[in-house]
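Novice: Sharing a structure below in structure tokens format, with a few things to ask.
Rule-based calculations on the coordinates, nothing more; no lab input. What you see is a predicted model; the values in this text were computed from it and never measured. Cβ: placed from backbone, ideal geometry, glycine included. Neighbour counts: every protein chain shown.
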Amino acid sequence: MTNTNRLIHEKSPYLLQHAYNPVDWYPWSDEAFQKAKEEDKPIFLSIGYSTCRWCHNMNRESFQDEEVADILNRYYVPIKVDREERPDIDKVYITFAEAMTGSAGWPLNLILTSHKKPFFAGTYFPKRTRNRMVGLIDLLDKVKKVWDKDKENIIDESNHILEEVEYKYNSYFKEDIGEYIFIKTKEDLENSFDDINGGFSYRPKFPLPQYMLFLLEYGYKRKDEKALAMAKYTLESMYKGGIFDHIGFGFYRYSVDEKWLVPHFEKMLYDNALLSIAYTKAYEITGNSLYMEITEKIFEFLLRDMSSQDGGFYAALDAETEGEEGKFYIFGYDEIVNLLGEEYGKFYCSYYDITENGNFEGKNIPNLIGKDLSSITEVDKSKLDSMRDMLFSYRDNRTKPHRDEKILISWNGLIIAALSYSGKVFGKKIYIDKAKKTADFIITNCIDKEGRLLSTYINGEAYNFGFLEDYAFLIYGLLELYEATEDQVYLEIGKKLIKDMLNLFWDDKDGGLFYYSSISEELIFRPKDVYDGAIPSGNSMAALDLIKLYTITKDEEIYEKYRKLLNAFGGNINSSPTSHVYSVLSLPNLIL
């Protein structure tokens, strides 16, 4: 029988991926920290998630390796954390990594004292040093020697790092939002706009739907054609690119190139939920049916591949199969011609940029870059749809990517909002009914007997007290569902959750909301988060919740809390609005 470690008893798909490692992993637990104290060992903390490409690489190269395992087991206490299951731990330690190294990502690997304080941080390490990349074995050996020789200085340094990070990352500037904020946001986006390929960076390119939402709202309300044009061009460029799966639908996480052609092939629930909101908003403002078609394709993917029978939505699909990124999704030219026949195969290949030489490592990513979508006839469109169905069935027989079947309440809040909003705009009851089913599933299964929201649901069990994003995102979904159905039940539950959120997360001293609640495990510091990246921050989504509830109820206490929330971070928002676009979107004269 193959040996297992303690992770075999965990629920997280990511932790279970490491349960057969020779590394003697601990989950995040008092037992692990007690062992580190008793044996006077540093902790090796490794954070990742189950669909993370570079996490898989490091697992294969290092954590499945007996030599690496021997060093970790002998001289360290190794701990594994799923960042999606424990976003609070991830938030705290990625903040340290960014402060210590200037950047961070996953896998995130840190070395801590037994008091949980980090003194080293990095991301991916190969087993051996190569091409200026420090190898994990060399790193572990070096840290072991320094620990033995100079442990007291390391502990002092870790205390100093903690003080610096707390000061730097929990210092926000109170200020009222300036009247110029909308113009500044638009100008900053215009200055970073890629007018050749769309988007707001060179490469890699992340979708960042908040930018499109802002530009659509701003362009519509201020009659600014440039703002509308930037949003529309980016939305169409993303859809035409390989970042959209033209066979199975849905968006991948981001594009590694400047043209949106080559994606990182992971598919995440949150990306697709937020993008469907952006495309629905584009349809609502422009009336262009292409945006409705794209949204419906996103939902087709989500309902087919990411929806559980119980009603919730799963977290993610992996980027790789059989150790190769994108293998499930890419095609050879001959493969398609042989499947569809010469005439139809060549027609499909010509339309979707599939060539004998390939556009990605000798294979092909179907895409529509450079195509005029309005020029295709209905007859040809119907033919291509039939061919797509054949290719989908063919592809479906390949080894499928791993699906992370965690149901995260925060991300499910986003898809409830998306389905509700799109269902209302498109007049499609089927989407609203699915939003209701998901909301009812969460209300029934993910609120404990004391009425406290839980954050994660796997295999019939919900656990972990909810974090700010669980409350803020779910409230957002419930309020959108109320607006789509006018069912008072969802409004009342949303109001109760807002009250609980303010009680559990509010900072009475400086204002704003903490990342984890007053009843959650206390970590080495208690961060706040207002910066919007691929996912909205909890504080910005809470601002959207409060102003939406105020527009429904006209409760002045809710408005006052909203004002105090934005004021707590106002200086940061004023100085860098494109980093806080969801907060800007909450402002009453630009409200969604």
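Novice: Taking the Cα centre of the range 1-135 as origin, work out the dipole magnitude from +1 charges on Lys and Arg Cβ and -1 charges on Asp and Glu Cβ, in debye rounded to 20. Each step should come with its number before you reach the end.
Specialist: On the way: 18 positive and 18 negative charges, 79 e Å.
Its charge dipole is roughly 380 debye.
Novice: Now for a different question. How large is the charge dipole for the range 313-410, taken about the Cα centre, if only the Cβ atoms of Lys, Arg (+1) and Asp, Glu (-1) carry charge, to the nearest 20 debye? Intermediate results must be reported in sequence, preceding the final value.
Specialist: Details: 12 positive and 20 negative charges, 49 e Å.
Computed about the Cα centre, the dipole is about 240 debye.
Novice: Sort by residue number and name the cysteines in the chain that have no neighbouring cysteine Cβ under 4.7 Å.
Specialist: Lacking a cysteine Cβ partner under 4.7 Å: Cys349, Cys446.
Novice: Sticking with this structure for a sec: Hey, if you put +1 on the Cβ of every Lys and Arg and -1 on every Asp and Glu Cβ in the range 1-131, which of Cys52, Tyr26, Ile8 ends up farthest toward the positive end of that dipole?
Specialist: Cys52
Novice: Further, regarding this structure: Please give the Cα centre distance for the range 464-526 versus the range 59-82, rounded to the nearest Å.
Specialist: 37 Å
Novice: Cross-link list Lys35/Lys528; Lys117/Lys495; Lys434/Lys495; Lys168/Lys221; Lys381/Lys428; Lys11/Lys297: which exceed 28 angstrom alpha carbon to alpha carbon?
Specialist: Values: Lys35/Lys528 30 Å; Lys117/Lys495 38 Å; Lys434/Lys495 22 Å; Lys168/Lys221 37 Å; Lys381/Lys428 23 Å; Lys11/Lys297 32 Å.
Distance filter (> 28 Å) returns Lys35/Lys528; Lys117/Lys495; Lys168/Lys221; Lys11/Lys297.
Novice: For the range 361-469, which GluC sites (Glu not before Pro) pass both filters: DSSP loop (anything but H, G, I, E, B) and at most 15 other C-beta atoms within 10 Å? Could the numbers behind the result be given before it?
Specialist: Numbers: sites: Glu361, Glu378, Glu405, Glu450, Glu461, Glu469; in loops: Glu361, Glu405, Glu450.
The qualifying sites are Glu361, Glu450.
Novice: Right, next: Compute the distance in nm between two label points, each set 7 Å from the Cα along the Cα-to-Cβ direction, one at Lys437 and one at Tyr202.
Specialist: About 4.7 nm separates the two model spin labels.
Novice: What does the net charge come to around Lys267 if you take all other residues with beta carbon closer than 9 Å to its beta carbon, with K and R at +1 and D and E at -1? Display every interim value, and only then the final one.
Specialist: Numbers: positive: Arg253; negative: Asp245, Glu266, Asp271, Asp305, Asp318.
Once all neighbours under 9 Å are counted, the net charge is -4.
Novice: Rounded to the nearest 500, what is the chain's calculated 222 nm mean residue ellipticity when only DSSP H runs of at least 4 contribute -39500 (n - 2.57) each, over all residues? Mind dumping the intermediate values first?
Specialist: Details: 22 runs with 303 residues, N = 592.
Result for the chain, helices only: -16500 deg cm²/dmol.
Novice: Positive end of the charge dipole of the range 95-249 (Lys, Arg +1 and Asp, Glu -1 on Cβ, about the Cα centre): tell me which of Asn153, Val143, Tyr202 has its Cα farthest that way.
Specialist: The residue sitting farthest along the positive end of the dipole is Val143.
Novice: What order do you get for 341-347, 250-256 when each peptide is scored by the mean count of other beta carbon atoms within 10 Å, highest first? Can you show the working numbers first?
Specialist: Values: 341-347: 14.1, 250-256: 22.4.
Top to bottom by mean Cβ count within 10 Å: 250-256, 341-347.
Novice: Residues with beta-carbon under 10 Å from that of Pro536, excluding Pro536: net charge, scoring Lys, Arg +1 and Asp, Glu -1?
Specialist: Net charge around Pro536: -3.
Novice: For the range 187-226, which trypsin sites (Lys or Arg not before Pro) are both in a DSSP coil and crowded by at most 10 other Cβ atoms within 10 Å?
Specialist: Working: sites: Lys205, Lys221, Arg222, Lys223, Lys226; in loops: Arg222, Lys223.
In loop regions of the range 187-226 (DSSP not H, G, I, E or B), the sparsely surrounded trypsin sites (Lys or Arg not before Pro) are Lys223.
Novice: Identify the residues of the range 501-521 with backbone N under 11 Å of a label point that sits 7 angstrom from the Cα of Asp555 along the Cα-to-Cβ direction, or state none.
Specialist: Only 501-502 fall inside the zone, counting backbone N under 11 Å.
Novice: Next question. Please work out which option in (i) 3, 16, 25, 24, 16, 9, 5, 2, 0; (ii) 3, 16, 26, 27, 18, 8, 1, 0; (iii) 3, 14, 20, 20, 15, 12, 8, 5, 2, 0, 0 gives P(r) over Cα pairs in 10 Å bins from 0, in percent calculated from these coordinates, and answer with its label.
Specialist: (ii)
Novice: Follow-up question, since we're still on this one. Can you tell me the relative contact order of the range 128-278? Whole percent, Cα pairs under 8 Å, sequence separation 6 or more.
Specialist: Values: 154 pairs, mean separation 24.5, N = 151.
Answer for the range 128-278 is 16 percent.
Novice: I'd like the distance between the alpha-carbon centres of the range 151-218 and the range 273-344, rounded to an integer number of Å.
Specialist: What the calculation gives is 29 Å, centre to centre.
Novice: If you don't mind, there's one more thing I want to ask. First check a/c for the range 20-149, with a ≥ b ≥ c the square roots of the eigenvalues of its C-alpha gyration tensor; if it is under 1.5, answer rounded, and if not, answer prolate when a/b is larger than b/c or oblate otherwise. Numbers along the way, then the final one.
Specialist: Details: a/c = 1.21, a/b = 1.04, b/c = 1.16.
Rounded, since a/c falls under 1.5.
Novice: In addition: Assign one of three labels to the range 101-207, namely rounded, prolate or oblate, based on the Cα gyration tensor with a ≥ b ≥ c the square roots of its eigenvalues; rounded applies when a/c is under 1.5, prolate when it is not and a/b is larger than b/c, and oblate otherwise.
Specialist: Oblate is the answer for the range 101-207, as a/c is 1.5 or above yet b/c matches or exceeds a/b.
Novice: Decide, for the range 537-589, between rounded, prolate and oblate: order the square roots of the alpha carbon gyration tensor eigenvalues as a ≥ b ≥ c, take rounded if a/c falls under 1.5, and otherwise choose prolate if a/b is larger than b/c, else oblate. Intermediate values should be presented prior to the final figure.
Specialist: Values: a/c = 2.29, a/b = 1.84, b/c = 1.24.
Prolate.
Novice: With charges only on Cβ, +1 for K and R and -1 for D and E, what is the dipole size of the range 110-254 about its Cα centre, in debye, rounded to 20? Display every interim value, and only then the final one.
Specialist: Working: 24 positive and 23 negative charges, 154 e Å.
Charge dipole, the range 110-254, about its Cα centre: 740 debye, nearest 20.
Novice: In the range 132-199, which trypsin sites (Lys or Arg not before Pro) fall in coil by DSSP and have 16 or fewer other Cβ atoms within 10 Å? Write out the running numbers ahead of the final one.
Specialist: Values: sites: Arg132, Lys142, Lys144, Lys145, Lys149, Lys151, Lys168, Lys174, Lys184, Lys186; in loops: Arg132, Lys174.
Those that pass, being in a loop and sparsely packed, are Arg132, Lys174.
Novice: Let me ask another. So what is the relative contact order of the chain, in percent, for Cα pairs below 8 Å that sit 6 or more residues apart?
Specialist: Numbers: 1055 pairs, mean separation 72.5, N = 592.
About 12 percent, as a whole number.
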